[in-house]
Amino acid sequence: MGKVRFIAVLTGIVSSLPLMANAAYPVYNPTQLARQGYAINPQYVNNGMPVRYAAQPMMQMGQITGQRTNIMPNQLAAASAVNGRPMVAATNPNRVTGALPRVGSSATNAGRQYYQSADYDRLSDSGLYIGLSAGYSTMVSGTMSADYAGEADAFLAPGSFRESDLQHDSVLPLQVSVGAAINSDVRIDFSYLRYSGTSYASNVQTSTGDGFTDASVSGGAITSNATMLNVYYNVDDVTGYLAGGSLRPYIGAGVGLSLNTIADYVVFDNHFYDETGNLGPGSVQAGFLTAVSDIYSYHNGGTMEQLAFALEAGVTTDMNDGLKIDFFIRYANLGKVKTSGSVVVSQTEWLSDGAGGEYEAPYDSVFHYTNWTESGRLSNVDVGVRLRLEF
């Protein structure tokens, strides 16, 4: 009995195989295919019947599929509707649309989206920014010298001097800038830069008429106000990021105008100068000049507008929330500063009493000299820090 059941089941399975095959791989006769709009290539017909896989009459919206099916051009119109609905041309399968997932997203949808470097590089520059920098001038190079040095009787005026190196007590250059990033490597800004505190040295070599001697100086503070157009370029493509990627190196240059002003200053010579030569006071008539002392030479300041330029190098780091910090070293050449050329000299004169003595003159002895200008070039090397707030 068991054998009979087994044979019956096996016979049922074998007899159903053709039906299953027809369901998976349907066979269509030529008349049926032609009625549905297909052109049958004779090479796929065997004994009046098409070979399996010759065509699968699947026609959907925007799609005609089949294996080795030939559709002639004059039959496209006939095949342009299925079940009374118009067919839509298929979209180019190579065209990818949509948006890329954000960095770090687990989404799998494909597409194209262009990112600004700021989306993945926190040290890149982007957008507008305002900056404020402060620094300390590590070196001030510049010398005030007499423009009249080559003239006849150049140092006749009391208080005139050959040259004087500039000094600085606390030069703190301040800079305010407004700019924008052109791309992740280049930014441009317009800045206002102010230097103050530069002045003459406290001592100069002043003229004695036949030589030079030490004299003290007071005043003469120098102030420079420069407006510049600056360009900065990040050089990390050459150097790479520094300090484990937290510092981005850059270089910069600027050019503009500087308004340089020197304040009035006084050269004080406290030496006593004998005006009688080898004669002595007793050999001079009463009332005649015998000596000069306490010479105050007042030099009027001046202002000049000059071409200025700056060179800068530094590194940038990020403080988040759009705040960046630049640590820099800068060389700034601010052009020339020059006095007005007006010099007023006040001195104490001594007169002979005719009896071998002398006394201080009862009047003020004042002289005015013009066109006795002194000038010098200003250049600074600064180290500083700049805060930049990006928008």
With every protein chain present, what is the per residue accessible area of segment 213-309 (1.4 Å probe, Å²)?
48 Å²
Please state the shape class of segment 350-391: rounded when a/c is under 1.5, otherwise prolate if a/b exceeds b/c and oblate if not, all from the C-alpha gyration tensor.
prolate
When the accessible area of segment 179-263 is split by element with a 1.4 Å probe, what percent falls to carbon and sulfur?
62 percent
Volume in Å³ per residue [convex hull over Cα atoms, computed for segment 138-180]:
140 Å³
Taking 0.36 nm per intervening residue step and subtracting the Cα-Cα distance, what contour gain separates L289 from S246 on full extension?
8.0 nm
Taking R0 as 22 Å and r as the Cβ-Cβ distance between D353 and F272, the FRET efficiency 1/(1 + (r/R0)^6), rounded to the nearest 0.05, comes to 0.80
How big is the gap, in Å, between the Cα center of segment 206-226 and the Cα center of segment 176-198?
35 Å
Expressed as a whole percentage, what fraction of the accessible surface of segment 282-332 belongs to carbon and sulfur atoms when a 1.4 Å probe is rolled over the protein heavy atoms?
59 percent
Ordering F328, F268 by how much accessible area each has at a 1.4 Å probe, largest first, what is the list?
F268, F328
Would you please classify the overall shape of segment 199-239 from the alpha carbon gyration tensor, given that a ≥ b ≥ c denote the square roots of the eigenvalues, rounded means a/c under 1.5, and beyond that prolate means a/b larger than b/c while oblate covers the rest?
prolate
So what is the orientation-averaged projected area of segment 269-325, using the convex hull of its C-alpha atoms, in nm²?
10.7 nm²
Applying a 10 Å radius around every beta-carbon, put 257-265, 317-325 in order of their mean neighbour count, most first.
257-265, 317-325
Under a point spin-label approximation (7 Å from Cα along Cα-to-Cβ), what is the D321-A149 distance to one decimal in nm?
5.5 nm
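The values are calculated or read from the model by the stated rules, or taken from the named source; none is laboratory data. Remember, predicted model here, so these are calculated numbers, not experimental data. Here the Cβ is made from the backbone with ideal geometry for all residues, glycine too, and neighbour counts use every protein chain on show. Accessible surface is based on the protein model in full, side chains and every heavy atom, while ligands, DNA and RNA are left aside. Shrake-Rupley method; radii C 1.70, N 1.55, O 1.52, S 1.80 Å.
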